[in-house]
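Enquirer: Provided herewith is a single structure, encoded as structure tokens, for subsequent inquiry.
Where a number appears in this text, it was derived from the coordinates with a stated rule and is not lab data. Small disclaimer: the values here were computed from a predicted structure and weren't measured. When we count neighbours, we look across all protein chains shown, and the Cβ atoms used for this are built from the backbone with ideal geometry, even at glycine.
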Amino acid sequence: MREDKREGIVEESKVFKPGAEFKARALVREEKVYEEAARDRIGFWGQAAERLDWFKPWDKVLEWDPPFAQWYVGGKLNASYNCLDRHLTSWRRNKAAIIFEGEYGDSRVLTYQDLYREVNQFANVLKSLGVNKGDRVTIYLPMIPEAAIAMLACARIGAPHSVVFGGFSAEALRDRLIDAKAKVLITSDGSFRRGSVVPLKENADSALAGSDSVEHVVVVQRTGTEVNMKEGRDLWYHEQMQKAALECQAEEMDAEDMLFILYTSGTTGKPKGVVHTTGGYMVGVSTTHEWIFDLKEEDVYWCTADVGWITGHSYIVYGPLANGATVLMYEGTPDYPAKDRFWEIIEKYRVTILYTAPTAIRTFMKWGPSYPESHDLSSLRLLGSVGEPINPEAWMWYYKHIGQERCPIVDTWWQTETGMIMMTPLPALTALKPGSCTVPFPGVKVEVVDHDGRPVAKGSDGYLVVREPWPAMLRTVYGDQNRYVNTYWSNWPGIYFTGDGARWDEDGYFWVLGRVDDVINVSGHRIGTAEVESALVDHPSVAEAACIGKSHEVKGQAVAAFVTLKEGVDVGNGLMDELKAHVAKKIGALARPDDIFFTPELPKTRSGKIMRRLLRDIAEGRALGDTTTLADASVVQALRDK
Ligand code: WT7
């Protein structure tokens, strides 16, 4: 055993228990939090809400008219006020809020005071452009501090933001601009990616060609790339900031006022605008962030997600900043300029908490342990995982090579829709089983149920549901209340269906098995099969397409597509690559199929439904399941012979 090894965790026959030393210093170390919260859930969340600063306290913790919830009814607050203003009255004013590491090694530190100033000024810029409470603002930026500044500035004036991941295509951006009817778009000249420049402004310009709600575009200068600035519409961020007043009063928002929209994929071709509101969301993300990551004032907390995903919203921006944490923000990829970039950053800033995804961990495994070994990682004390089930091998590798057998790992299960982490260990209380996200967070009621919505017995599989409303739950799908009801609440009335399958083991631990709907999880990000299919069918050569998820060593799942071409079209040279590129252009590189199988026909049931299960078996090279409902058996034989 190494001399400096702190007793963070102890292994006991494949179960990892919190070590005495970690426990002694931990924030939450009393088992009774679980029982107390279970006994009085509403009381638990009522008490949790006291951690925030409210302009006016709530009259009632929960109003539940299934499937519509209102949390902290009558309460008034502002999310940006809770992330900034309230830290300025203490020593935290001069604490680092964001430590930014740029892709090419530039760095910037913003204290809470600095961040407050920038957010206030930018809120004034937005106001000067006519953005009022309730107007939507779309943000299409790289991982730079301005992304957080823009989000908080929107929150400050009560304008819901819609952040679109910078890796999404112009067309994906356009669809989201149109759906949200955004008044202002915030983007940058470009974004750095492995030393080259992604032309974000150019993408934005083509997206804007198809949407007419956007009145102004604010452009952050990041790469120095030359861009077109449309007179009267486009404005430089730095020029506007120079003119902006330093103070902007935080708008008094109702607890149930919309904080943001975030688009996520579902089972149809059209992404859903998941709506989150202010009070419940802020209570949920700040409580979970503090308890699960055992947050201490001196921590340097690094979540490697992009702000374009829910993880970035909840656990880079709103949760950590509401808690007065120091957040590290990194612009680039793990392999630029070299494969040790993450470990170099951890050593440079003495990062204490690392929150990343299984796909990243599997990539590091593939590269081998020499990269982390060449850096001092002794500052790390807690590790987190999110995005997809973590396979036990990756868990062990993370534990051993990154956590150096010292750090507990919190495997956190949640979704864009849940807003906050729902299942997770509490690091000083929960024994860890590699591959399991363990148990629900206190005050959260998750179950595995059968077809009829009845809880399964221990040791069984079923559908993963949430039985009771929780504060950070989505409130609706933007502009489509029916879709909200049908997607999440129609299987079993009053019960939220997650779309995941899971096992509830003999000890009452949860093992998420993956999606049971037509959604693929690529590198921890959701891709709807229907979206990829409609992108393919959009190509002039394609008659019909069906997509499925195929297991992939690093990405977890990859997209595989089965394509039927139009009469007379020849596969020829290059059509395969052309179709892959077409999908990347329509949606983004993330959705690009790894494999395309050309077939004269798709296997369908007699009622015309594509048999995806069969396609999955074919793509994985497995023995075929039941084919008795197939309309034309020869189709499958032909596909298999490929
Ligand atoms: C889906 C949600 C939550 C932020 C990242 C993804 C899968 C997520 C885990 C985990 C097993 C997980 C589920 C879920 N998932 N975390 N720890 N263990 N599966 O957010 O894009 O909304 O996707 O990701 O399938 O339903 P998202």
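Enquirer: Name the chymotrypsin sites (Phe, Trp or Tyr not before Pro) in region 73-133 that are in a loop by DSSP and that have at most 13 other C-beta atoms within 10 Å, would you?
Expert: Those that pass, being in a loop and sparsely packed, are TYR104.
Enquirer: Next question. In whole Hz and in residue order, list the ³J(HN,Hα) couplings for region 224-237 that follow from phi through the Karplus curve 6.51 cos²θ - 1.76 cosθ + 1.60, θ = phi - 60°; x for Gly and Pro.
Expert: These are the phi-based 3J(HN,Hα) values: x, 5, 6, 9, 7, 10, 7, 3, x, 9, 9, 9, 7, 4 Hz.
Enquirer: Between VAL554 and THR605, how many nm apart are label points set 7 Å from Cα along the C-beta direction?
Expert: With each label placed 7 Å out from Cα toward Cβ, I get 3.8 nm.
Enquirer: Count neighbours as other Cβ atoms within 10 Å of each site's Cβ, and list the trypsin sites (Lys or Arg not before Pro) in region 247-351 that are DSSP loop with at most 14 such neighbours.
Expert: Counting only loop positions with at most 14 other Cβ atoms within 10 Å, the trypsin sites (Lys or Arg not before Pro) in region 247-351 are ARG350.
Enquirer: Between region 306-360 and region 116-185, what is the C-alpha centre distance in whole Å?
Expert: If we compute the Cα centre of each part, the gap is 22 Å.
Enquirer: What percent antiparallel are the DSSP beta bridges of the chain, to the nearest 5? Intermediate results must be reported in sequence, preceding the final value.
Expert: Numbers: 66 of 105 bridges.
Roughly 65 percent of the beta bridges in the chain run antiparallel, per DSSP.
Enquirer: Taking 1 over the mean of 1/r across every pair of different Cα atoms in the chain, what Kirkwood radius in Å do you get? Please report the intermediate quantities before stating the final value.
Expert: Working: mean 1/r = 0.0393 Å⁻¹.
By the Kirkwood definition, the hydrodynamic radius is 25.5 Å.
Enquirer: Could I ask something else about it? What distance in nm lies between label points placed 7 Å from Cα along the C-beta direction at LEU88 and ALA338?
Expert: Simple spin-label model gives 4.3 nm for this pair.
Enquirer: Rank by packing, highest mean first: peptides 388-398, 22-32, 464-474, with packing defined as the count of other Cβ atoms within 10 Å averaged across residues.
Expert: Highest mean packing first, the order is 464-474, 388-398, 22-32.
Enquirer: Contour minus end-to-end for LYS445 and ASN132, with contour as 0.36 nm per residue of separation and end-to-end as the Cα-Cα distance?
Expert: Here the answer is 108.9 nm.
Enquirer: For region 553-589 and region 237-299, compute the distance between their C-alpha centroids and round to whole Å.
Expert: 36
Enquirer: Okay, moving on. Skipping prolines and chain starts, which residues have an amide H placed within reach, meaning under 5 Å, of the one on ILE596, given they are 5 or more residues away or on another chain?
Expert: Sorted by chain and number, the residues that satisfy this are ALA561.
Enquirer: State to the nearest 20 debye the size of the charge dipole of region 456-606 about its Cα centre, where the only charges are +1 on K and R beta carbons and -1 on D and E beta carbons.
Expert: That gives a dipole near 340 debye.
Enquirer: Can I ask one more? Write down the percent of antiparallel bridges among all DSSP beta bridges whose residues are both part of region 290-437, to the nearest 5.
Expert: Here the antiparallel bridges make up roughly 5 percent for region 290-437.
Enquirer: Using only alpha carbon pairs under 8 Å that are at least six residues apart, calculate the relative contact order of region 517-640 and give it in whole percent. Provide the component values of the computation, followed by the final result.
Expert: Values: 207 pairs, mean separation 26.6, N = 124.
Computed value for region 517-640: 21 percent relative contact order.
Enquirer: Something else: Amide H to amide H, which residues 5 or more places from VAL477 or on other chains are under 5 Å from it, using H placed in the peptide plane?
Expert: TYR484
Enquirer: Also: Taking neighbour Cβ counts within 10 Å as the exposure measure, how do GLU226, GLU290 sort from fewest upward?
Expert: GLU226, GLU290
Enquirer: Whole-Hz ³J(HN,Hα) for each residue in region 179-189, computed from phi via Karplus 6.51 cos²θ - 1.76 cosθ + 1.60 with θ = phi - 60°, x for glycine and proline: what do you get?
Expert: So the Karplus estimates, Gly and Pro as x, are 4, 7, 6, 5, 8, 10, 10, 10, 9, 9, 4 Hz.
Enquirer: Another one. Would you please give the residues with an amide H less than 5 Å from that of GLU405, counting only those at least 5 places away or on a separate chain, with H modeled from the backbone geometry?
Expert: Distant-sequence amide H within range of GLU405: LYS400.
Enquirer: At a Förster radius of 56 Å, what calculated FRET efficiency corresponds to the Cβ-Cβ distance of LEU246 and ARG613, to the nearest 0.05?
Expert: Once rounded, the FRET efficiency stands at 0.40.
Enquirer: Could you derive backbone 3J(HN,Hα) for region 633-638 from the dihedral phi with the Karplus parameters 6.51, -1.76 and 1.60 (θ = phi - 60°), listing whole Hz in sequence and x where the residue is Gly or Pro?
Expert: Working through the residues one at a time gives 5, 5, 4, 5, 4, 4 Hz.
Enquirer: What is the count of Lys pairs in region 517-640 whose alpha carbons sit under 22 Å apart, if the two are 8 or more places apart or on different chains?
Expert: Here the count comes out as 13.
Enquirer: So, one more: Using a 10 Å cut-off around each Cβ, can you sort GLU103, GLU239 from fewest to most neighbouring Cβ atoms?
Expert: GLU239, GLU103
Enquirer: On to the next question. Based on other C-beta atoms within 10 Å, arrange CYS437, CYS154 from fewest to most.
Expert: Ordered from fewest to most neighbouring Cβ atoms within 10 Å, CYS437, CYS154 come out as CYS437, CYS154.
Enquirer: Counting DSSP beta bridges in region 34-186, what percent are antiparallel, to the nearest 5?
Expert: Rounded to the nearest five, the antiparallel share is 65 percent.
Enquirer: When the helix-only estimate is applied to the chain (DSSP H runs of n ≥ 4, each -39,500 (n - 2.57), divided by the residue count), what is the mean residue ellipticity at 222 nm, nearest 500 deg cm²/dmol?
Expert: Mean residue ellipticity at 222 nm (helix-derived): -8000 deg cm²/dmol.
Enquirer: Follow-up question, since we're still on this one. List the GluC sites (Glu not before Pro) within region 439-531 that DSSP assigns to loop and that have no more than 16 neighbouring Cβ atoms inside 10 Å.
Expert: GLU506
Enquirer: Under a Cβ-only charge scheme (Lys and Arg +1, Asp and Glu -1), can you give me the dipole magnitude of region 517-640 about the Cα centre, in debye to the nearest 20?
Expert: Dipole about the Cα centre, nearest 20: 280 debye.
Enquirer: Applying 1/(1 + (r/R0)^6) with R0 = 41 Å to the Cβ-Cβ distance of ASP59 and ASN491, what FRET efficiency is obtained, to the nearest 0.05?
Expert: 0.80
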